[in-house]
Each structure stands twice: as structure tokens, then as C-alpha cells.
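To start, the structure itself, in C-alpha cells.
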Amino acid sequence: MISSEIWGKTPCGKDIIRYTLTNAKGASVQLSSMGAGIVSVKVPDRDGKLDDVVLGYSNPLDYFADGPCAGKIPGRFANRIAKGRFVLDGKEYELPVNNGPNHLHGGPEGFQNKVWESRVNDGAVEFLYVAEDGEMGYPGNLKAVARYEWSEENELRLTLTAECDAPTIINLTNHAYFNLDGEGSGSVLGHKLWLNAVQYLPTDESLVPLGDSEMVKGTPMDFSTEKTLGQDIKADFPALNYGKGYDNCYVIENWEEGQLQTAAVLSSEKSGRVLEVVTTQPGVQIYTGNWLAGCPVGKCGRSYEDYDGVAIECQHFPDSPNKEGYPSVTLRPGEVYQEAIIFAFKTL
């Protein structure tokens, strides 16, 4: 069942629509046209008790320009582009710098800070955003669609598609933060994480990849064997020092373009909830909410603290336009960008 309501209005009077998708078991997902975002996921624990496991805000206006980018779809290029510059077909493009020396999540007026058009279509909710040529410095008009489907098995499937009228670059993901004990329950550092990755992308101090991937074995970056998020987070290691925790992209093993592959499994012994993340994307950014403190008041009635949620962002690699050998993020007229992410909720 899908219902909708006007959740709020922008300062210029545009409606923000909130959709609720509920399955026969009573588990539900709420989505917002603000940033095409996930604002709630209520799923059962091992005893059948429903709780909201996605961080977010009660006031829809708090989603505008929030630092955490909670639950939304950043774009035109998720993650970082070094110094806000890239070259495409011999021409250099300059993007606004909004994260230290770098361009992050499409800039201050990225897709995550736009109200998308929306509709219910064939049992799913679809969001549409059309970015104009030159918006945030990117070339070409781009039409992006985010389609969300909620199953009877508590699987939330997100399909991302886009088309353009001139060569451009694109990298889309969802930036939801998960806490499998409930969004107001505190730290996730006791959650266990397994990643289908034996390599990660080391970065400089500004969190831009240096280039080649490195093996995780023997380092605190290793989640190829399940461990808690907090086990090594305080280790004296460059990546953890730069980000005040995990904020790195991992290379998904045996990635093939267009093929679904398990990227991550997150679990909580306390609640018994498990989240399996499956995707067609080549990388997964793990961000342990290292800078959540000071964000708007959460649905739980207080502001979240650092490490109260973890983002599992399936995407192409950061700074891909400037790195030879990374999977291509170029989209040309006549081509269709298409990626999928599935958030499958289960219990131990």
C-alpha cells in the first residue's frame, strides 16, 4: 500500500510530498520529494517489534542543506571531486568547492537540496529531477529518475537512471544513515559489518583518493571478516586519522557492470536486525557518521551525536573523472545511466 501527503512547503511555496509504503506485515518505508530521500524505515527486530532504523528529522525543512545529507540522493556527482575540477573531452570544467579544497556531493545546490517531481507508478514511487546545463558547473541537461520499490520481504530497491543531451559525468547513490537498534538509540559502533571487499582506496588528508587501491589485510580497514565498527576505529592509521573514523571507498570484489553483487552486511546483536546491501555499483563508501554532532534535531527529539549512524553508500569511486583506470562515470547522449541498490532487512 502506498499513501502520500503534503509534508511541508519550501520557503518559495513548493510542496514537499511524503510517501508511505507499507507491506502486508506492517513494515514501512517513508520517502520524501526533498532530495528524493529515505526518511524512515520501520522493520521488525528479532521479537517482531517495529522500529525506525534510519536517521532523519521531523521537520522537512531541516533536510535543506543539512551537513549529513541524511537519507537523500546527492548529485550530479556523489562524493568528492578534487579541487572542483575535471576534464572531459579536452575541456576543463570548474565546480564550486564546498568541502575543504574539494567539491562534494554535486555542490551546495546539489540534487540533495532540490525538491524532485514525484509520482506513484506501478507499485513504486518515482522521483524526477532535471538539472540544467551549467548547473553547479556541470555540462549538459540531465534527467535523473530515482525509483523506490518496497517488497513483502522487507527489501527496499532503488533504481537510479539518467539521460543527458551532452557529454557529462554522473555518480548517484543514497546517503541514508542506519542504526539497526533504532534511530534514537545511540552509537552504532557495536554493530558488526562485513564487506565484500579486500581492497580500499587510500586518500590524502582531504579524503580524495590517491589513485591505486590497496589491500585491507593487516590494516584496521579490513572488514573482509566481520567485526564491529568500533573495534579498530581509534587505531592510529592515516585513513582513520583523516576522517575521525571510517570515510573511505571500498572496491567491491568481482564487480561486473550491470550485475548485482552483495556489497555489505550490517548486523546488531542487540536488536537482531540485519541489513544486506546489494548493488550494481563498483564501490561502497563506508561513513561512520563521524561529524553528525550539531545536525538538526532528529526524529528521536534530540540532535544525533557522532557515530549514531552508519552510511553505506554504493557508488562509483570518488574523484573518478580525474583518475585513469577507475570505472567510467562519463555519460553521453543516447546512453542510459542505470544503477541499482537493494537494502534488504532481515533478522538473526
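The values are calculated or read from the model by the stated rules, or taken from the named source; none is laboratory data. This is a predicted model, so every value here is computed, not measured. We place every Cβ from the backbone using ideal geometry, glycine too, and count neighbours over all the protein chains shown. When the accessible area is computed, the model is the full protein with side chains, heavy atoms only, and any ligands, DNA or RNA have been set aside. Shrake-Rupley method; radii C 1.70, N 1.55, O 1.52, S 1.80 Å.
Overview of results
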| read-out | value |
| --- | --- |
| Subset of segment 1-54 [of a type outside the set (Ser, Thr, Tyr) and in contact with a helix residue (DSSP H, G or I) (Cβ under 7 Å, 6 or more places away or on another chain)] | Trp7, Gly8, Ile16, Met34, Gly35, Gly37 |
| Segments classed as strands (runs of 3 or more DSSP E), wholly inside segment 21-66, with at least 2 members that are within 24 Å of Glu126 (Cβ to Cβ) and open to solvent by less than 20 Å² (accessible area, probe 1.4 Å) | 28-32, 37-44 |
| Selected residue [surrounded by fewer than 20 Cβ atoms within 10 Å (Cβ to Cβ), in contact with a Phe, Trp or Tyr (Cβ under 8 Å, 6 or more places away or on another chain) and aliphatic (A, V, I, L, M)] from Ile2, Ile17, Ile6 | Ile2 |
| Number of the exception - Glu214 against (1) within 20 Å of Glu276 (Cβ to Cβ); (2) of a type in the set (D, E, K, R); (3) surrounded by fewer than 20 Cβ atoms within 10 Å (Cβ to Cβ) | (1) |
| Pairs, first at pLDDT 95 or above and of a type in the set (Lys, Arg) in segment 235-249, second outside any strand (DSSP E or B) and open to solvent by less than 10 Å² (accessible area, probe 1.4 Å), C-beta under 6 Å, six or more apart | Lys244/Asn290 |
| Criterion: out of contact with any helix residue (DSSP H, G or I) (no Cβ under 9 Å at 6 or more places or on another chain) and buried (at least 24 other Cβ atoms within 10 Å of the Cβ) - qualifying residue of Leu193, Leu180, Leu172 | Leu180 |
| Residues of segment 71-105 classified as open to solvent by less than 10 Å² (accessible area, probe 1.4 Å) and either among the small types (Gly, Ala, Ser) or assigned to a strand (DSSP E or B) (or both), total | 9 |
| Condition check for Gly301: over 18 Å from the mean Cα position of the chain (by Cα) and modelled with pLDDT under 95 | no |
| Any hit, segment 233-244, residues being of a type in the set (Ser, Thr, Tyr), farther than 24 Å from Asp52 by Cα and part of a strand (DSSP E or B) | no |
| Residue under evaluation Ser224, criteria (1) surrounded by fewer than 22 Cβ atoms within 10 Å (Cβ to Cβ); (2) among the hydroxyl-bearing types (Ser, Thr, Tyr); (3) outside any loop (DSSP other than H, G, I, E, B), criterion not met | (3) |
| Members of segment 157-169 found to be part of a strand (DSSP E or B), surrounded by fewer than 22 Cβ atoms within 10 Å (Cβ to Cβ) and either within 14 Å of the chain's Cα centre (by Cα) or charged (D, E, K, R) (or both), listed by number | Arg157, Thr159, Glu163 |
| Residue ranges of strands (runs of 3 or more DSSP E) in segment 259-348 with at least 1 members of a type in the set (D, E, K, R) and either touching a residue at least 12 places away in the same chain (Cβ under 8 Å) or open to solvent by 10 Å² or more (accessible area, probe 1.4 Å) (or both) | 273-279, 310-315, 337-347 |
| Segment 106-143 - residue that is part of a strand (DSSP E or B) and either of a type in the set (S, T, N, Q) or open to solvent by less than 10 Å² (accessible area, probe 1.4 Å) (or both) and, of those, nearest to Asn23 (Cα to Cα) | Ala124 |
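Matching residues to (1) over 22 Å from Ser267 (Cβ atoms); (2) free of Cβ contacts under 8 Å to residues at least 60 places away in the same chain; (3) hydroxyl-bearing (Ser, Thr, Tyr):
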| residue | (1), (2), (3) |
| --- | --- |
| Arg18 | yes, yes, no |
| Ser28 | no, no, yes |
| Ser40 | no, no, yes |
| Gly56 | no, no, no |
| Arg76 | yes, no, no |
